[in-house]
Amino acid sequence: MSQIFDKQSKGIDSEQLVTWLLRIATYLIILAFVLIIGRIIVRGAPVLAKEGISFITQSPDILYCFYDQDGKYHRLGSQEYRDFKTANPDGLKLYELSANYSGGGIFGPLMGTLILIGICIVFAMTIGIAASVFLSEYSKRGPLIRMIRLAIINLAGVPSVVFGLFGFAFFCYFIPVITKTTPVERSIFFTQLPDWMASLLGAEQLYLSCQGWGSSILAAGCTLACMVLPIIITACEESLRAVPQGFRDASLSLGATQWQTIGKSVLPYALPGMLTASVLGLLRVSGETAPIMYTGAFAQCQLPWEGLREENWFWRITEFFQRGCEALPYHIYSVSAKIPQTEIVRPMQDGSVLVFMLIMLALATTSVVLRIRIRKKLKW
Amino acid sequence: MSKQDKKSKEPKPKATERIDTSSDGARHLNEALLDVQKLSFSYDMGKTDTLKKISLEIPKQKVTAFIGPSGCGKSTLLRCFNRMNDTIPTARITHGNVKIMGADIYGPKVDPIRLRKQVGMVFQKSNPFPKSIYENVAFGLRIAGERKKSVLDEAVEKSLKGAALWDEVKDRLGESALGLSGGQQQRLCIARTIAVEPEVILMDEPCSALDPIATAVVEELITKLREDFTVVIVTHNMQQATRVSDHTAFFYLGELIEYDTTQQLFTNPSIKQTEDYISGRFG
Ligand SMILES: Nc1ncnc2c1ncn2[C@@H]1O[C@H](COP(=O)(O)OP(=O)(O)OP(=O)(O)O)[C@@H](O)[C@H]1O
Ligand SMILES: [Mg+2]
C-alpha cells in the first residue's frame with residue numbers, strides 16, 4: 001500500500017520521454033503545414049494583390065521586362081511590347097529579359113483543369129458508382145470478386161506516371177475513334193452515310209479507326225478517371241455499406257425488386273456520401289501532372305475553345321475534345337521547370353501555386369462541410 | 001381433413017379444433033394459410049441444417065407465436081415465409097416446402113417480389129425510411145406503380161388508422177418519420193406493411209425495442225390485426241405470447257418441439273422441454 005506514495009522524482013522518467021517524443025512528432029506536422037502553406041501564401045499573396053483579378057481572367061502570355069532609356073522599368077505582355085516598340089521604334093531597352101507563359105494570368109490553365117475535372121467526373125463517377133453498386137449489392141462472394149477487389153486495391157497503388165504512360169498508349173494511340181477522313185491502316189470499320197446524315201455531318205463516310213484520340217483533353221480526362229476509379233469505387237462502396245440493412249430489408253419486404261430497392265432505398269441515401277468522398281479523390285488527381293503531361297496537357301497560351309478549325313458542329317465538338325489544353329498543374333510545372341529560370345518568372349510561379357492551392361482547399365473544405373451537413377440531416 | 005391425419009403424430013390438430021369454436025363462425029375456420037412441410041433450411045449450402053424438418057400449419061386470421069431460446073431458428077423460419085433468405089447467397093432449402101394457400105412458395109413459377117406483397121414483414125428494429133410519414137406508408141404502393149394521389153391518400157389514411165397511428169400523426173404526415181418515437185415508428189412500419197394489403201404479416205420481435213407502454217399499444221394492435229390478417233409473431237416474451245397469440249410454436253435448436261393453442265401450450269405443455277422453457281428452467 002505504501003508503495004503508491006513512493007513515486008521517485010528522478011527528473012524525466014521514460015513515460016515522460018515517450019510523451020514528449022510523440023508530441024514532437026505531432027508538432028512536426030504543424031511545422032510542415034506552416035512551412036508549405038505559409039511559404040506559398042507569403043510569396044503568392046503579394047503577386048495576387050499586385051496583379052488583381054486579371055491574374056485569373058487573363059491567359060498566359062510572353063513577358064518582357066526591361067529598362068528604357070529614362071531608367072523606367074517595364075513589365076509588358078506581348079501585345080503591349082509590340083505597341084511599345086512601334087511607339088518607340090529606336091528606343092533603348094536595357095537589361096531586357098523575356099520569358100514564355102510568365103505574363104498575363106492563368107485563365108487558360110484554370111479552364112483546362114476544370115474541363116479535365118469535368119471529363120474525369122463524368123467517366124469516373126458513372127463507372128465508379130455502377131461498379132460499387134454491383135460489388136456491394138449484387139456480387140456474391142467468389143474468386144472472381146476477390147480478384148476484382150485485389151485489382152482495385154492494387155490500382156490505387158500504381159504510380160501516377162504509369163497511369164500517364166498507360167493513357168498515352170491506350171487513349172492517345174489505340175482507342176477507336178470516329179473519323180471522316182481516310183485514316184491510316186488502323187481503320188477497322190467504315191460506313192457510307194445516308195444523304196441526310198451526310199449533309200448533317202458534312203462527310204460522305206464515317207470510319208471507325210483504332211488510331212486513338214491523340215494528345216487530347218479526352219485522353220487526359222480519361223487517364224485521370226482511371227486513376228481515381230479505385231478511390232471512387234472504394235468510397236462509394238463505403239457509402240453504400242453505411243446505408244442500414246434495414247432499408248433494404250424493408251424495401252424488399254414491401255415487394256420492391258432489387259433494382260427498385262437500390263434506386264429508391266439505397267442510392268438516395270448513399271449518394272451524398274459518394275459525391276463528397278469522390279470529390280476528395282478527384283481533387284487529389286486533378287493536381288497530378290504526370291498522367292496528363294503524356295496524354296493531353298501542353299504549354300500554350302490559347303484557351304481550350306480557341307482556334308477550332310472545323311465548321312460543322314459535330315466535328316467541332318470532336319475537335320474540341322481531341323485537342324490538348326493547358327492545365328494548372330502542368331502550367332506550374334512549365335513555368336518552374338521547363339522554361340529558363342529568371343527572376344521575372346517568379347511572380348507567375350508563386351501566384352499560380354497560391355491560386356491552385358486555394359481552389360483545391362476551397363473545394364475540399366466545401367465537400368467536407370457538405371458531408372458533415374448531410375450526415376446530420378440524413379441521420380438514421 | 002386428410003392433411004391433418006397424415007401428421008397425427010404431432011399434437012396439433014385436436015387443439016386447433018378446440019379453440020375455433022369460440023371465434024366468429026363466418027370465416028373459413030381452421031383453414032391453414034401457410035403450410036410448412038418437413039422444412040429443412042441451411043445457411044451454408046446444405047452443410048448444416050439450421051432448421052430441421054419443421055412441419056406446421058398456420059391458420060388463417062389467427063395470431064401464431066413462435067417462441068424458443070435465442071438462435072433456435074425462429075427468425076430463420078419466419079424469413080423463409082417471404083423468401084427474405086433469398087438475399088443470402090449460400091442459403092438453401094434443403095428439404096420440404098412451404099405452401100401458401102396450397103401453392104409452393106419455392107416453386108419454379110413463383111415470383112418472390114409478388115410473394116412478398118402477400119407476405120409482409122415487420123422487423124425487430126423499426127426501420128422507417130428517412131422520408132416523410134406519408135411517403136413511408138405510400139412506399140409499397142408507389143413501387144407497385146400507383147400514382148394517383150387520391151388512391152395513395154386513402155391508402156395512407158386507412159393504413160395509419162389500421163396501425164392505430166392516425167390520430168397521432170394526421171397533422172404532420174409531411175414530417176420526417178424519424179421524428180416519431182420508437183413505438184410510433186414501429187406502428188408506422190406496421191402501417192407501411194398493411195398498406196400493401198398482404199395476406200400474412202410476419203413480425204420478428206416487434207416489441208423488443210419498445211417500452212412497456214408502447215408495447216401494450218402494439219400488442220393491442222396485433223390482436224386487432226387478426227380481423228383482417230394472419231399474423232405470425234416471434235417473441236421472447238412469454239406473457240406477450242399468451243396475451244396476443246392464439247397458437248404458439250416452441251422451437252429448440254432448429255426443431256419444432258411443440259405446437260398447440262397458446263392456452264394449452266402454456267398451461268398444460270405435453271413435452272418436458274416446453275415445460276422447462278416456459279417455466280424458465282433453460283433458454
Ligand atoms: N445470415 C446468416 N448466415 C448464417 N447463419 C445465420 C444467419 N442468420 C442466422 N444464422 C444462424 O442461424 C441460427 C438461427 O438464427 P435465427 O436468427 O433464426 O435465431 P432466432 O431464433 O431468431 O434467435 P433470436 O431469438 O436471437 O433472434 C443461429 O445459429 C444463427 O447463428
Ligand atoms: Mg431472431
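Does A:G255 meet the test of being on the phi > 0 side of the Ramachandran plot and within 14 Å of another protein chain (Cβ to nearest Cβ)? Working first, answer last.
On the way: on the phi > 0 side of the Ramachandran plot: yes; within 14 Å of another protein chain (Cβ to nearest Cβ): yes.
Yes: the conditions hold for A:G255.
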Check on B:Q118, within 14 Å of chain A (Cβ to nearest Cβ) and more than 16 Å from ligand 2 (Cβ to nearest atom):
yes
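Hey, could you check the stretch B:229-245 for residues that are of a type outside the set (S, T, N, Q) and under 15 Å from B:V200 (Cα atoms) and say which is farthest from ligand 1 (Cβ to nearest atom)? Spell out how you get there, then give the answer.
To start, the set of residues in the stretch B:229-245 that are of a type outside the set (S, T, N, Q) comprises B:229, B:231-234, B:236, B:238, B:241, B:243-244.
Then keep just the ones that are under 15 Å from B:V200 (Cα atoms); that gives B:229, B:231-234.
Values: B:F229: 21, B:V231: 17, B:V232: 13, B:I233: 12, B:V234: 6 Å.
In this case the residue turns out to be B:F229.
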Would you say A:R248 is charged (D, E, K, R), surrounded by fewer than 22 Cβ atoms within 10 Å (Cβ to Cβ) and within 12 Å of chain B (Cβ to nearest Cβ)?
yes
Is there any pair linking a residue in the stretch B:68-94 that is of a type in the set (D, E) to one that is more than 15 Å from ligand 2 (Cβ to nearest atom), with Cβ under 9 Å and at least six apart or on different chains, and which?
B:D86/A:L252; B:D86/B:P112
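Checking the condition more than 16 Å from ligand 2 (Cβ to nearest atom), closer than 21 Å to A:A256 by Cβ and either without any contact (Cβ under 8 Å) to a residue 40 or more places away in the chain or surrounded by fewer than 16 Cβ atoms within 10 Å (Cβ to Cβ) (or both), which residue from B:L188, B:L152 passes? Walk me through it before giving the result.
On the way: B:L188 fails: either without any contact (Cβ under 8 Å) to a residue 40 or more places away in the chain or surrounded by fewer than 16 Cβ atoms within 10 Å (Cβ to Cβ) (or both).
Answer to the check: B:L152.
Among the residues of the stretch B:209-228, count how many are within 13 Å of ligand 1 (Cβ to nearest atom) and either away from every other protein chain (no Cβ under 14 Å) or without any contact (Cβ under 8 Å) to a residue 40 or more places away in the chain (or both).
Summing the residues that are within 13 Å of ligand 1 (Cβ to nearest atom) and either away from every other protein chain (no Cβ under 14 Å) or without any contact (Cβ under 8 Å) to a residue 40 or more places away in the chain (or both) in the stretch B:209-228 gives 0.
Does the stretch A:79-101 contain any residue that is under 16 Å from A:D350 (Cβ atoms) and open to solvent by 70 Å² or more (accessible area, probe 1.4 Å)?
Filtering the stretch A:79-101 for residues under 16 Å from A:D350 (Cβ atoms) gives A:99, A:101.
Subset that is open to solvent by 70 Å² or more (accessible area, probe 1.4 Å): none.
Checked the stretch A:79-101: no residue is under 16 Å from A:D350 (Cβ atoms) and open to solvent by 70 Å² or more (accessible area, probe 1.4 Å).
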Filtered residue count, the stretch B:104-124, keeping only those that are open to solvent by 50 Å² or more (accessible area, probe 1.4 Å) and of a type outside the set (D, E, K, R)
4
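Test A:N88 against the criterion of being at pLDDT below 90 and over 30 Å from A:S209 (Cβ atoms), and give yes or no. Give the derivation first.
Details: at pLDDT below 90: yes; over 30 Å from A:S209 (Cβ atoms): yes.
So A:N88 fits the description; yes.
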How many residues does the stretch A:321-364 hold that are of a type in the set (S, T, Y) and under 16 Å from the mean Cα position of the chain (by Cα)?
3
For the stretch B:77-91, name all the residues that are within 25 Å of A:S139 (Cβ to Cβ) and either open to solvent by less than 10 Å² (accessible area, probe 1.4 Å) or within 11 Å of another protein chain (Cβ to nearest Cβ) (or both).
B:R79, B:C80, B:N82, B:R83, B:M84, B:N85, B:D86, B:T87, B:I88, B:P89, B:T90
Only one of these is farther than 20 Å from A:W259 by Cβ and at pLDDT below 90: A:G112, A:G142. Name it.
A:G142
Elements of type strands (runs of 3 or more DSSP E) in the stretch A:158-243, at least 2 residues being in contact (Cβ under 8 Å) with a residue 60 or more places away in the chain and either open to solvent by 40 Å² or more (accessible area, probe 1.4 Å) or farther than 30 Å from A:E137 by Cα (or both):
A:177-179
Quickly run through the stretch B:43-93 and pick out the residues that are more than 12 Å from ligand 1 (Cβ to nearest atom), of a type in the set (G, A, S) and within 18 Å of the chain's Cα centre (by Cα).
B:S55, B:A65
What pairs come out if I take residues in the stretch B:31-60 that are over 20 Å from B:L202 (Cβ atoms) and away from every other protein chain (no Cβ under 14 Å) and pair them with residues that are assigned to a loop (DSSP other than H, G, I, E, B) and within 16 Å of ligand 2 (Cβ to nearest atom) whose C-beta lies under 6 Å away, six or more apart or interchain?
B:K52/B:G254
Hey, A:A124 hits all of (1) at pLDDT below 90; (2) more than 14 Å from chain B (Cβ to nearest Cβ) but one; which does it fall short on?
(1)
Filter the helices (runs of 4 or more DSSP H) completely within the stretch B:205-283 down to those with at least 2 residues that are surrounded by fewer than 18 Cβ atoms within 10 Å (Cβ to Cβ) and among the aliphatic types (A, V, I, L, M).
B:212-225
I'd like to check something: does the stretch A:300-307 contain any residue that is touching a Pro at 6+ places or on another chain (Cβ under 6 Å) and over 16 Å from A:Y138 (Cα atoms)?
yes
One residue is enough: does the stretch B:193-215 have a residue meeting the conditions closer than 26 Å to B:Y259 by Cα and over 17 Å from the mean Cα position of the chain (by Cα)?
no
Give the residues of the stretch B:157-186 that are in a helix (DSSP H, G or I), within 14 Å of chain A (Cβ to nearest Cβ) and out of contact with any strand residue (DSSP E or B) (no Cβ under 8 Å at 6 or more places or on another chain), sorted by residue number.
B:S159, B:L178, B:G179, B:G182, B:Q185
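Where residues in the stretch A:258-268 are more than 7 Å from every other protein chain (Cβ to nearest Cβ) and in contact (Cβ under 8 Å) with a residue 12 or more places away in the chain, which of them is nearest to the chain's Cα centre (by Cα)? Break it down stepwise before answering.
The first filter runs over the stretch A:258-268 and keeps only residues more than 7 Å from every other protein chain (Cβ to nearest Cβ), leaving A:258-259, A:261-263, A:266-268.
Subsequent filtering for residues that are in contact (Cβ under 8 Å) with a residue 12 or more places away in the chain retains A:258, A:261-262, A:266-267.
Working: A:Q258: 35, A:T261: 34, A:I262: 30, A:V266: 29, A:L267: 26 Å.
Taking the candidates together, the pick is A:L267.
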Could you list all residues from the stretch A:269-294 that are of a type in the set (S, T, Y) and more than 12 Å from chain B (Cβ to nearest Cβ)?
A:T276, A:S278, A:S286, A:T289, A:Y294
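The values are calculated or read from the model by the stated rules, or taken from the named source; none is laboratory data. These numbers come from a predicted model, not from an experiment. Because the Cβ atoms are built from the backbone with ideal geometry, glycine has one as well, and the counts that use them run over all protein chains shown. Surface areas here come from the heavy atoms of the whole protein model, side chains and all, with no ligands, DNA or RNA. Shrake-Rupley method; radii C 1.70, N 1.55, O 1.52, S 1.80 Å.
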